[in-house]
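**Student:** This is the structure I have questions about; it appears just below.
The values are calculated or read from the model by the stated rules, or taken from the named source; none is laboratory data. Since we're looking at a predicted model, the values are computed, not measured. Cβ coordinates were reconstructed from backbone atoms using ideal geometry, including for glycine residues, and neighbour counts include every protein chain displayed. These area figures cover heavy atoms from the full protein model, side chains too; ligands, DNA and RNA do not enter into them. Shrake-Rupley method; radii C 1.70, N 1.55, O 1.52, S 1.80 Å.
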Amino acid sequence: MTTTAEQHGSRSVLLTVAEVIEETKDARSIVFEAPESFDYRPGQFLTLRIPSEETGSVARCYSLASSPHRGELPKVTVKRTSDGYGSNWVCDNVAVGDVIEVLPPSGRFTPPDLDDDFLLFAAGSGITPVMSILKSALSDGVGSIVLFYANRDEHAVIFADELRSLAAEYPRRLAVVHWLESLQGIPTVDQLATVASPYRTHRAFMCGPGPFMEGVHKALGSSGFPRDRVHSEVFASLAGDPFADVPPEAPSEEDTAGAAAVTVELDGESYELTWPRKQTLVDIMLAEGIAVPYSCREGECGSCACTIRDGEVAMENAEILDEEDIADGMILGCQARPVSDRLHIEF
């Protein structure tokens, strides 16, 4: 079966599948041909439009496991889950030559400086964005990297051969610690803390199932890692249709009359905007023609996460943010509506 996609929105891109790689019995990598203008940062994800007989399509986010710093074609890796429609469709149907509609690369799970020392935690398919960071830091950085990688058993280890090759290529910079549940059980917080404690000056990234992430968070906290040097990624299944162009509603005169004022900093530019109380930050930025980062507009993916430097907002759905993120001032632009009269927000 050949899959030929059509463009359903002005932001989406049509990519042709160049290669399908069977990584494990349950995981496949989809390698795409891409134009030179297709840029992404290590740790980001793609949102794929997957056909569905029931709803027409569903949107699923899959992390890029390739590195933009190694001359690799962009690659997402998908692990099949028993009740996952998107993952099963990708693993069962995608073939070389298929055309798939994707949204631009997105996500904030990216290192600010590749020259940092890194402590990376991954479990199962959580290795995908971590692998992108690891390869990028080895290629363009100078620091040391420790990877703790947990799996059910040796047959479930995605990228096993590639990790062996990288460890041999960079013996002084890369250390890989494999943890197999079949032999060692599920890692405890104390065991994770024992791994983490020698590397308190490293920048930590983690991705995997919720219980694993919770354990790593606790381990890093007890080991004294600064909150601003700990980064986590969460997989998301999007309920809406982020591919469709949805023009923001024009505010009424009443809304505009009571609007807040906001300074927004994005990509080195500063914008002074009027922010009606009933509209979200993403809405007003799109209305002004500003290229604000977003994917789902439902508070489910975190693409529009930003930091409030001054003022207060209300959010309908912020479950993707943990309490520490919110305490640090992180908000979701697609959910935020102004409470204060004057605000300052930074992407």
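**Student:** Scan the stretch 159-206 residue by residue and report those that are in a loop (DSSP other than H, G, I, E, B) and either open to solvent by 30 Å² or more (accessible area, probe 1.4 Å) or β-branched (Val, Ile, Thr) (or both).
**Tutor:** Once the filter is applied, which keeps residues that are in a loop (DSSP other than H, G, I, E, B) and either open to solvent by 30 Å² or more (accessible area, probe 1.4 Å) or β-branched (Val, Ile, Thr) (or both), the stretch 159-206 yields Tyr170, Pro171, Arg172, Arg173, Ile186, Thr188, Arg200, Thr201.
**Student:** Find all pairs meeting these conditions: Cβ atoms under 8 angstrom apart; at least six residues apart or on different chains; first residue within the stretch 20-38 and farther than 21 Å from Glu101 by Cα; second residue open to solvent by less than 20 Å² (accessible area, probe 1.4 Å) and of a type in the set (A, V, I, L, M, F, W, C).
**Tutor:** Glu23/Ile158; Glu23/Phe159; Thr24/Ala156; Thr24/Val157; Thr24/Ile158; Asp26/Cys91; Asp26/Ala156
**Student:** Okay, moving on. For the stretch 207-236, give me the residue count where each residue is open to solvent by less than 20 Å² (accessible area, probe 1.4 Å), part of a helix (DSSP H, G or I) and closer than 16 Å to Arg108 by Cα.
**Tutor:** Matching residues across the stretch 207-236 total 0.
**Student:** Report yes if Val58 is open to solvent by 20 Å² or more (accessible area, probe 1.4 Å) and assigned to a loop (DSSP other than H, G, I, E, B), otherwise no.
**Tutor:** Considered against the rule, which asks whether it is open to solvent by 20 Å² or more (accessible area, probe 1.4 Å) and assigned to a loop (DSSP other than H, G, I, E, B), Val58 comes out as no.
**Student:** If you check Ser87 against the conditions, is it open to solvent by less than 40 Å² (accessible area, probe 1.4 Å), polar (S, T, N, Q) and free of Cβ contacts under 8 Å to residues at least 40 places away in the same chain?
**Tutor:** yes
**Student:** Filter the stretch 327-347 for residues that are open to solvent by 50 Å² or more (accessible area, probe 1.4 Å), over 18 Å from Asp228 (Cα atoms) and among the aliphatic types (A, V, I, L, M) and give the result.
**Tutor:** Result: Val339, single match.
**Student:** Then there is this: Out of everything in the stretch 256-274 that is β-branched (Val, Ile, Thr) and in contact (Cβ under 8 Å) with a residue 24 or more places away in the chain, what residue ends up being surrounded by the fewest Cβ atoms within 10 Å (Cβ to Cβ)?
**Tutor:** Thr263
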